[in-house]
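Since the structure comes first, as C-alpha cells, the remarks are kept for the end.
The values are calculated or read from the model by the stated rules, or taken from the named source; none is laboratory data. Computed from a predicted model, the values in this text were never measured in an experiment. Methodologically, a virtual Cβ is constructed for each residue, glycine included, from the backbone with ideal geometry; neighbour enumeration extends over all protein chains shown.
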Amino acid sequence: MPVRVPEPPAPQPDALPRRQLLVGQFILEYTLRRSTRRSIGFMIDDEGLRVTAPKRVSLAEIDNAIRAKQHWIISKLDERRERRAARLEKPPVVWEDGAVLPYLGGELKLRLYTATRNRTDYNPDTRELHMGLVQGATETLLKERVRTWMQQQAKVLFAQRLDLYAARLGVQYSAFALSSAGTRWGSCTVQRVIRLNWRLIHFSLPLIDYVVAHELAHILEMNHSAQFWAAVGRIYPAYDEAKALLRKRAQELPVLFN
C-alpha cells in the first residue's frame, strides 16, 4: 500500500515574547525580537506577524510602526490564512508510480521501477520522470531524489534567465543561489546577491521571469517605489498580471515537501 505524505508537524510554542495591539477593529498579536538591525522589520508566516526591532526602539515606537503598516500587514495575514486553508483542503500526494507533479506550469508523471542502483531520467517529450529505485527504497528517499532533481533543473534554468534579463536591464549580479524560503519567492541583497526559491520550478516560465526581473530591479532600487516598478516594467511590462497570477498559482499548488 502506498504511504501517504504525513501532515507537517504542529508548530512549537514560540519562545519570543508575544504582544497584542488594537489596530482599528482588530486585535493584532505579534512576536517581538530585538536585534542589532537599524530599522523595524516585519515578516509574516503561518504563525502570524513577527516584528524585529533595534534594541533602542521603544515599544510605543514599534506599535506606531505597526499602525502605519496596518493595511499591508492585515492584507498579508489574510492572504496567508487563505493560502494555509487552501493547502489543508488539498488531498495529499500519493508517492507512487504514476503520481502527477507540477513542473514548469504543467505536469510531469512519475515513473518508478526497481533497479540495482538509483538513477533518474527525464523524457521531455512524454513529460515523464523515470526513477530507478533499489529494492526497499523508502518514500523519504524518493521525495528527496525528486526534490534534488527539481533543484538541479531550477539552478540551471534560473541562471539562464538571470543572465538574459540582467543584460536587458543593464545590471550585473554578483552571485546567485537557490533558497527554500517559506514565504518569499526571491531576494536581492545590497551586495547584489540574488536568491530564488527553487519551488518556482513548479510554475510557468513567464512567472519565473517575473520574479527574476523583480529581483534584478532591486539592484537599481532597494525598495518598491515607483522607480523600482518602472525598472521592472522596462524588462517585464506585464508585471501586474504576473504578480496576481503567481499568487493564484501558489495557492493551487499541492503540498509536496514538508
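Of the residues 143, 109, the single one that is at pLDDT 95 or above, of a type outside the set (Phe, Trp, Tyr) and surrounded by 12 or more Cβ atoms within 10 Å (Cβ to Cβ) is 109. So, in segment 190-227, how many residues would count as being surrounded by 14 or more Cβ atoms within 10 Å (Cβ to Cβ), out of contact with any Ser or Thr (no Cβ under 9 Å at 6 or more places or on another chain) and either without any contact (Cβ under 8 Å) to a residue 12 or more places away in the chain or outside any helix (DSSP H, G or I) (or both)? Here the count works out to 5.
Filter segment 135-154 down to the residues that are closer than 22 Å to residue 105 by Cβ and either of a type in the set (Lys, Arg) or outside the structural domain of residue 104 (by TED's automatic domain parsing) (or both), then identify the one that is farthest from the chain's Cα centre (by Cα).
Step one: list which residues in segment 135-154 are closer than 22 Å to residue 105 by Cβ, which gives 143, 146-154.
Still in the running and either of a type in the set (Lys, Arg) or outside the structural domain of residue 104 (by TED's automatic domain parsing) (or both): 143, 147.
Numbers: 143: 18, 147: 14 Å.
Among those residues, the one meeting the criterion is 143.
Name every residue in segment 207-226 that is modelled with pLDDT under 95 and either more than 19 Å from residue 173 (Cα to Cα) or touching a Gly at 6+ places or on another chain (Cβ under 8 Å) (or both), in order of residue number. Selection gives 225, 226.
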